[in-house]
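Rule-based calculations on the coordinates, nothing more; no lab input. It should be emphasised that the depicted structure is a prediction, and the values quoted were computed from it without experimental measurement. When we count neighbours, we look across all protein chains shown, and the Cβ atoms used for this are built from the backbone with ideal geometry, even at glycine.
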Amino acid sequence: MLIEKARRLLVGTAAGVVVLSGAGCSGQDAGQDAGKGFGARAGGALTYEALRSLAFKDGEVPNTHDTPVEEPAPKKSERTFPPVSDASCQSVLDVLEAKGASAVVRQVFNWKDDLWGGGSTLASYRGEGAEQAFDRLEEGLQTCRSYSGESYEGAYTTEVTGVGAPQVGQVGDEALTFRTVTPTKDGLVMHQDHVFVRTGKVTATFRKAEAGHEGTFPRDLVQRQVDRLAEAQGS
C-alpha cells in the first residue's frame, strides 16, 4: 500500500506526474484538439498524429516491458488543483504540462526490474511558442526553489535542485535539466530527474522517478527522441 500510494503521487496518470501538474490544464485538451487534424503539420506545427508516430514503439527501448502512449482524456474528466505556493514554480509546472501547446503526446517507460519507471511529454507549438516555453521554464527555474501544493494524495512540498545543462553534449536547439525531491506522507522521499529540450517548434520533457535516491533518465533515449523530432521538422 505504501508503494502504491507513492506511485500514484508521482505518476498519477499513466504518463504524467501529479506533483508536477499544478493547476489548470493537463495538456490533454491540446492533444485532443490536434488529434482531429490530418497530415504532418497544422499551421506550421506537428499534429498529434505526427507526434505520436515519432514516439517510441514497443520493443524499441531496451529492457522495457512496454512503452505505452497515453490516450487523450475527455476534457470534462480532468481534475484540476489550485496553483502551487510559488508563482515562479507554477510557471515551471505550466511549461512541463505543455500548457498552450497545439498538440501533446505523453509516453510511459515501464522498465524491467524498475518499480518507478519514467515518462516523456512531446509538445508541438505554433509560431514561436516552443521558444517562449523554453524561456518561461528557464526564467522560472532561476527563482523556483520549493513549493507546496495539492495532489491526488493530498498536500505535498517539493524542493527543486540541480538546475543545469544535460550531460549529453549538444542536444536539440536548447536544453536544461533539474531535479525535484518530494517527501511523501508514508515516509518515502521521491526523487525525479527532469530533462527539457527544445528542437524547432517542438519541446520534449523526460522524467525518471526513484525512491530514496537520485535516478537518471537515459540520456541516449533523450538524444534518440530529439533526433526523431528534429528530422521530422527538416532540421
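Each Lys and Arg adds +1 at its Cβ and each Asp and Glu adds -1 at its Cβ; summed about the Cα centre, the range 91-223 shows a dipole of about 220 debye.
Rounded to the nearest 20 debye, what is the charge dipole size of the range 158-223 about its Cα centre when +1 sits on each Lys and Arg Cβ and -1 on each Asp and Glu Cβ?
Numbers: 7 positive and 8 negative charges, 34 e Å.
Here the size comes out at about 160 debye.
For the set K99/K201; K112/K208; K99/K185, the pairs lying more than 19 angstrom apart at their alpha carbons are K99/K185.
Ranking of T157, T177 by neighbouring Cβ atoms within 10 Å, starting from the fewest: T157, T177.
Taken as Cα centroids, the range 218-235 and the range 142-184 sit 22 Å apart, rounded to the nearest whole angstrom.
Once backbone amide H atoms are built at 1.01 Å from N, G200 has D173 as its partners under 5 Å, excluding neighbours fewer than 5 places away on the same chain. Karplus-derived 3J(HN,Hα) values for the range 151-164, using 6.51 cos²θ - 1.76 cosθ + 1.60 with θ = phi - 60°, are 9, 4, 9, x, 6, 8, 10, 10, 9, 10, 9, x, 5, x Hz; glycine and proline are entered as x.
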